[in-house]
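This report concerns only the one structure given below.
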Amino acid sequence: MMMDSKEKILAVREEEIQKLNASDCRILVCSGTGCIATGSHKIYEKFMELVQDTPGIEIEFAPHDSHDEKEEKVSVKKTGCQGVCELGPLVRIQKKDKVIQYTKVQIEDCQEILERSVLEDEVVERLLYKKKGKAYLGPDDIPFIAKQTRIALKNCGKFDAESMGEYLASGGFGAIIKALYEMTPEEVVDAVDKSGIRGRGGGGFPAGRKWKQVARQPEKIRYVVCNGDEGDPGAFMDGSVMEGDPFRLIEGMMLAAYAVSAQNGYIYVRAEYPMSVARLKHAIACMEEAGLLGDHILGTDFSFQLHINRGAGAFVCGEGSALTASIEGNRGMPRVKPPRTVEKGLWEKPTVLNNVETFANIPEIILNGPDWYRGIGTESSPGTKTFSLTGAIENTGLIEVPMGTTLREIIFDIGGGVKEGGTFKAVQIGGPSGGCLTEKHLDVPLDFDSVKKYGAIVGSGGLVVMDEHTCMVEVARFFMSFTQRESCGKCVPCREGTKRMLEILEKIVAGEGEIEDIDRLKELGEMVKSMALCGLGKSAPLPVLSTLREFMDEYVEHIQDKKCRAKVCQSLRRFMINPEFCKGCGKCAKNCPVGAITGVRKEFYHIDTSICIKCNACKDNCAFDAIYIEA
């Protein structure tokens, strides 16, 4: 159905709201990448099969967004990420205002859920989220979710990610309707500027200021570009928004296009996000069919076309000028600035370039006003921030909290603390371009300005929690290996500086470091930080510099004592046999590939550490736990 006027789109919204309310029960199966990896697509198919084959259930599985289907009594829907990724596959049973959150659902659980929670009003207790013996019924009861404030992730997990009708029913497109019929482009720019929202891609540049700069350019051909090239290891925030609420992202881009008078937009999506690409393509097709993308949207003079570009798999394409170069078909490499993207961006035209999360916030700002948004977060960093929680933490997953929330709140109140009762050691924030924060930083507010004082950045929002079993020198080596490999090679400081830093770190973890290497690392790090061409190069040394500052003793141990206290660095491990536990079975000697273990059966065996290649075969095959690694 064409929605070529305000009256028509509002009429369709009412139809969709009625349809949503008419459903007696909704089975919401999480279809984010994390849950699909654990088999949620099979759970969805099983529920579809069961519902169709169960007598007494009135259901019609019509194509998405058809307005001719009859009212549903029970519906099975694919949602975006429901948040608690570690406990997938996740399923929600929604009956009017009552929602049950089930975790770790398996194929064999589907029949019981259908019989007890869909057809009856019972709860399958064993599938509820549990913490310290307490079971939590609904998603909003779970501390992990209850302690969040969701704006960009507002709809994720609650609605069918592929249904434009459900997006409409949730209040979707209200912001673009308001903008087109009640606001001038200048007023939209002004609202975004007054809200104080800063780009969520890592740089934290005020979005409203960027939009103003584009709007005042004399060149009339302008573009809106979305950076969906989320390349940080352990980060999946933008991917979850694109998968779980693609229409929200598109609406945010439409508002930017209206504000700066752009007629074309591009979404640059990471190549490793095929589901994001598929759902965005589906959303664009639905909107084009309904007249919400194209010429004269909603009967106004506003026209906007949207295109998708798949990233080339290069981390550097997360940098603005490299990204636009890649869209143009060139090699993704940053260029010298000025001119900046707002003046000469895509095809040398003025370009608004923000990331997925930034655009996903814009509809709520336009609907609720800039003062509402400024009431969340901090004075200098208003609003919320999404983070992906990974590493040694009880609850891994996707979260969204007000800017200024402390690490302590995120790790211990929301994340449930360090995994298996371990001791918190550090958190890597901002991905490979970020830095490490430690226990003394647990009460530091997480916002763009505060963390910079401690040699870190908020970045795009990756949080990797580390416990006492983590070697900080190896962490620095890992991230430097990533950034050195991903360096585009255009500028000497980044290309050669990161390579030399990596060589030094590899020497240290191999037990071949010299004490002078510490000063060399500091000097190289400061040089790359100050002289690299782009922001990615400038921030590449941060993991090394921050670990040197906070964990100098571990570097010294590796160099002088040839020890790794976390027993991670293979070259520094010494495998030993405890004579009290050794039974003389000889199994370790049989499995040693280099003959480093000798002894007599039924007597104590011995490992020659000068021959041992530290492959772990002996430890893996010892049935008596007699082999240990000496720190």
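The values are calculated or read from the model by the stated rules, or taken from the named source; none is laboratory data. What you are looking at is a predicted structure, and each value in this text was computed from that prediction instead of being measured. When we count neighbours, we look across all protein chains shown, and the Cβ atoms used for this are built from the backbone with ideal geometry, even at glycine. Surface accessibility is based on the protein's heavy atoms, side chains included, excluding ligands, DNA and RNA. Shrake-Rupley method; radii C 1.70, N 1.55, O 1.52, S 1.80 Å.
Count Lys and Arg as plus one, Asp and Glu as minus one, and take only other residues whose Cβ is under 11 Å from that of Thr300; the net charge is then -2.
Report, in deg cm²/dmol and to the nearest 500, the calculated mean residue ellipticity at 222 nm for the chain, where each DSSP H run with n ≥ 4 adds -39500 (n - 2.57) and the sum is divided by the residue count.
Here the helix-only value at 222 nm equals -10500 deg cm²/dmol.
A viscosity of 0.692 mPa s and a temperature of 37 °C, combined with the Kirkwood radius over Cα pairs in Stokes-Einstein, give a translational diffusion coefficient for segment 423-543 of 224 µm²/s. When you filter the GluC sites (Glu not before Pro) in segment 433-517 for DSSP loop state and at most 14 other Cβ atoms inside 10 Å of their Cβ, you are left with Glu468, Glu512, Glu514. Residue by residue, segment 458-464 carries 3J(HN,Hα) couplings of 5, x, 7, x, x, 10, 10 Hz when phi is fed to the Karplus relation 6.51 cos²θ - 1.76 cosθ + 1.60 (θ = phi - 60°); x denotes Gly or Pro. The angle between the Cα long axis of helix 492-509 and the longest principal axis of the Cα atoms of the chain comes to about 40 degrees, rounded to the nearest 10. Using alpha carbons only, the radius of gyration of segment 147-255 set against its Kirkwood radius gives Rg/Rh = 0.97.
Compute the relative contact order of segment 174-216 as a whole-number percentage, counting only Cα pairs closer than 8 Å that sit 6 or more residues apart in sequence.
With pairs under 8 Å counted, the relative contact order is 28 percent.
Straight-distance candidates among the lysines for linking to Lys619, with alpha-carbon spacing under 29 Å and chain neighbours fewer than 8 residues away dropped: Lys419, Lys425, Lys507, Lys562, Lys563, Lys567, Lys583, Lys587, Lys590, Lys602. What Kirkwood hydrodynamic radius, in Å, does segment 221-377 give when the mean of 1/r is taken over all pairs of distinct Cα atoms and then inverted? Value: 15.9 Å, from the Cα pair sum.
Peptides 610-623, 22-35 ordered by packing proxy, namely the average of other Cβ atoms within 10 Å per residue, highest first: 22-35, 610-623.
In this calculation the C-beta distance from Asp553 to Ser481 is compared with R0 = 35 Å, giving a FRET efficiency of 0.95.
Given a Förster distance of 30 angstrom, what is the FRET efficiency for Glu289 paired with Leu367, based on the Cβ-Cβ distance and rounded to 0.05?
0.75
Considering only Ser326, Cys156, Ala37, the residue lying farthest towards the positive end of the dipole of the chain is Ser326, judged by Cα position with unit charges set on Cβ. Put simply, segment 450-502 fits an ellipsoid with semi-axes of 23, 16, 10 Å; these come from the alpha carbon gyration tensor as the roots of five times its eigenvalues, largest first. Computed over segment 310-391, the convex hull of the alpha-carbon atoms projects to a mean area of 7.9 nm².
In whole percent, and with a 1.4 Å probe on the protein chains, what portion of the accessible area of segment 275-342 is carbon and sulfur? Don't skip to the answer; put the middle values down first.
Details: 1350 of 2790 Å².
Reported share for carbon and sulfur atoms: 48 percent.
In order along segment 469-480, phi translates into HN-Hα couplings of 8, 9, 8, 6, 5, 5, 4, 4, 5, 4, 5, 5 Hz, rounded to whole numbers, per the Karplus curve 6.51 cos²θ - 1.76 cosθ + 1.60 with θ = phi - 60° and x for Gly and Pro. Of the three principal axes defined by the Cα atoms of segment 508-631, the extents in descending order read 63, 25, 21 Å.
Considering only Ala169, Ala191, Val224, and ranking their Cα positions along the charge dipole of segment 111-241 that arises from unit charges at the beta-carbon of Lys, Arg, Asp and Glu, the one farthest toward the positive end is Ala191. To the nearest ten degrees, helix 516-531 and the longest principal axis of the Cα atoms of the chain are 20 degrees apart.
Gyration tensor over the Cα atoms of segment 333-442: the corresponding equivalent ellipsoid has semi-axes (square roots of 5 times the eigenvalues, largest first) of 33, 20, 12 Å. Averaging 1/r over each pair of different alpha-carbon atoms in segment 242-292 and inverting the result gives 11.6 Å, the Kirkwood hydrodynamic radius.
For the chain, what is the charge dipole size about the Cα centre, in debye to the nearest 20, if Lys and Arg each add +1 at the Cβ and Asp and Glu each add -1 at the Cβ?
1940 debye
Each principal axis of the Cα cloud of segment 385-441 was taken in turn, and the coordinate range along them, longest first, works out to 27, 20, 19 Å.
Give me the percent relative contact order of segment 472-551, please, defined on Cα pairs under 8 angstrom at least 6 residues apart.
This gives 37 percent for segment 472-551.
Per residue, the chain exposes an accessible area of 40 Å² to a 1.4 Å probe, with every protein chain left in place.
Evaluated at q = 0.11 Å⁻¹, the base-10 log of the normalised Debye intensity for segment 128-203, with identical point scatterers placed on the Cα atoms, takes the values -0.51.
Computed on the chain, with alpha-carbon pairs under 8 angstrom and 6+ residues apart, the relative contact order is 11 percent. Judged by the mean number of other Cβ atoms found within 10 Å, the most tightly packed of the peptides 411-424, 131-144 leads the ranking 411-424, 131-144. Shown in residue order for segment 230-244 are the 3J(HN,Hα) couplings computed by the Karplus curve 6.51 cos²θ - 1.76 cosθ + 1.60 at θ = phi - 60°: 7, x, 5, x, x, 9, 8, 6, 5, x, 5, 5, 5, 6, x Hz (x for Gly and Pro). Scaled to the globular estimate 2.2 N^0.38 Å, the Cα spread of segment 1-61, given as radius of gyration, is 1.54. Relative to the longest principal axis of the Cα atoms of the chain, helix 274-290 runs at roughly 0 degrees. Kirkwood radius, segment 475-575, all distinct C-alpha pairs, inverse of mean reciprocal distance: 13.6 Å. Residues whose amide H comes within less than 5 Å of that of Ala135, counting only those at least five positions distant or on another chain, are absent (H built at 1.01 Å from N in the peptide plane).
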